[in-house]
Amino acid sequence: MAGAKTRTGTRPEVGERPAPQETEGTVMALDLPPSPDLSPEMQAYFDKCREKIGFVPNVLLAYAHDSAKLEAFATLYNDLMLAPSGLSKLEREMIAVAVSSVNRCYYCLTAHGAAVRGLSGDPVLGEMMAMNYRAADLSRRHRAMLDFAVALTEAPWTIEEEDREALRDAGFSERDLWDIAAVASFFNMSNRMASAVDMRPNRTYHGEARALPGLDEA
């Protein structure tokens, strides 16, 4: 159109940009500093964490105000998540994230979402576990496993023999059934504790294992 002015430049930004989210240094909302009297075993455990992953997970620092509670938590966690089992470490982490998704647990979704991404090498799977595991292309085994864990989370009183039989039909042993239930139950407890005290995940977790396989790095 004759006489029309050409618009140049970029469109001015509208709205308000959120402030950068900084959580480093914040462990939880309660003022309970780590005990100076941690046992030698727990001190060694913290040193092992620093050696293997570069930091001490904040969940351990949150429990560290009471050495006995810290030892009990760490012992149970390591038994459920790391000890020999018919469930792989990745499968146990998938349960942790699916349960934490139902409970909307910021800490556990962040920390264990990173574990799923790292163990699977698939950041897409990690996002699906965190947002809606039903969106993922899962095997019969994994779908049955997560269906049971989520049912146990959402309505534990409805679990009956039919639910256990679905796991057996998917190839799980009786011991596997116990382990699925134990991991799901542990994370229901952990989710509630983390939410109750506003536990904050270490910042490192947010960026771990995010690269998509097969894509050239920019």
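Condition check: more than 13 Å from Asn188 (Cα to Cα), surrounded by fewer than 19 Cβ atoms within 10 Å (Cβ to Cβ) and either in the same structural domain as Arg200 (by TED's automatic domain parsing) or of a type in the set (D, E, K, R) (or both). Does Gly126 satisfy that? Taking the combined requirement at face value, the residue does not satisfy it.
Kindly provide the set of residues from segment 50-109 that are in the same structural domain as Asp147 (by TED's automatic domain parsing) and of a type in the set (Phe, Trp, Tyr), ordered by number. Tyr106, Tyr107, listed by residue number.
Let's see how each residue does on (1) within 16 Å of Ser101 (Cβ to Cβ); (2) within 14 Å of the chain's Cα centre (by Cα); (3) of a type in the set (Asp, Glu):
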position: Ala182; (1), (2), (3): no, no, no
position: Asn188; (1), (2), (3): yes, yes, no
position: Met199; (1), (2), (3): no, yes, no
position: Arg210; (1), (2), (3): no, no, no
position: Pro213; (1), (2), (3): no, no, no
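Apart from one condition, Gly15 fits all of (1) on the phi < 0 side of the Ramachandran plot; (2) modelled with pLDDT under 95; (3) not charged (D, E, K, R); the exception is (1).
Of Phe148, Phe73, all but one fail to be touching a Leu at 6+ places or on another chain (Cβ under 9 Å), modelled with pLDDT of 95 or more and over 24 Å from His206 (Cα atoms); the exception is Phe148. The listed residues are Gly207, Gly214, and the only one of them that is at positive phi, of a type in the set (Gly, Ala, Ser) and modelled with pLDDT under 95 turns out to be Gly214. Restricting Leu125, Leu138 to residues that are part of a loop (DSSP other than H, G, I, E, B), among the hydrophobic types (A, V, I, L, M, F, W, C) and under 23 Å from Leu212 (Cα atoms) narrows the list to Leu138. Of all residues in segment 25-53, those satisfying the criterion of being over 24 Å from Phe187 (Cβ atoms), part of a loop (DSSP other than H, G, I, E, B) and of a type outside the set (Ser, Thr, Tyr) are Gly25, Asp31, Pro33, Pro36, Asp37, Leu38. Do we have Asp176 as in a loop (DSSP other than H, G, I, E, B), of a type in the set (Asp, Glu) and outside the structural domain of Val56 (by TED's automatic domain parsing) here? Considered against the rule, which asks whether it is in a loop (DSSP other than H, G, I, E, B), of a type in the set (Asp, Glu) and outside the structural domain of Val56 (by TED's automatic domain parsing), Asp176 comes out as no.
When segment 27-48 is filtered for residues that are loosely packed, with under 14 Cβ neighbours inside 10 Å and under 20 Å from the mean Cα position of the chain (by Cα), only Ala29 remains.
Total residues in segment 169-203 satisfying the condition of being surrounded by 20 or more Cβ atoms within 10 Å (Cβ to Cβ) and either in contact with a His (Cβ under 6 Å, 6 or more places away or on another chain) or of a type in the set (Val, Ile, Thr) (or both): the figure is 2.
Criterion applied to Arg164, Arg117 was being part of a helix (DSSP H, G or I), surrounded by fewer than 17 Cβ atoms within 10 Å (Cβ to Cβ) and assigned by TED's automatic domain parsing to the domain that holds Asn202, and the one residue passing it is Arg164.
The values are calculated or read from the model by the stated rules, or taken from the named source; none is laboratory data. Note that the structure is predicted; figures quoted are calculated from it, not measured. Note: ideal-geometry Cβ built from the backbone for every residue, glycine included; neighbour counts use all protein chains shown.
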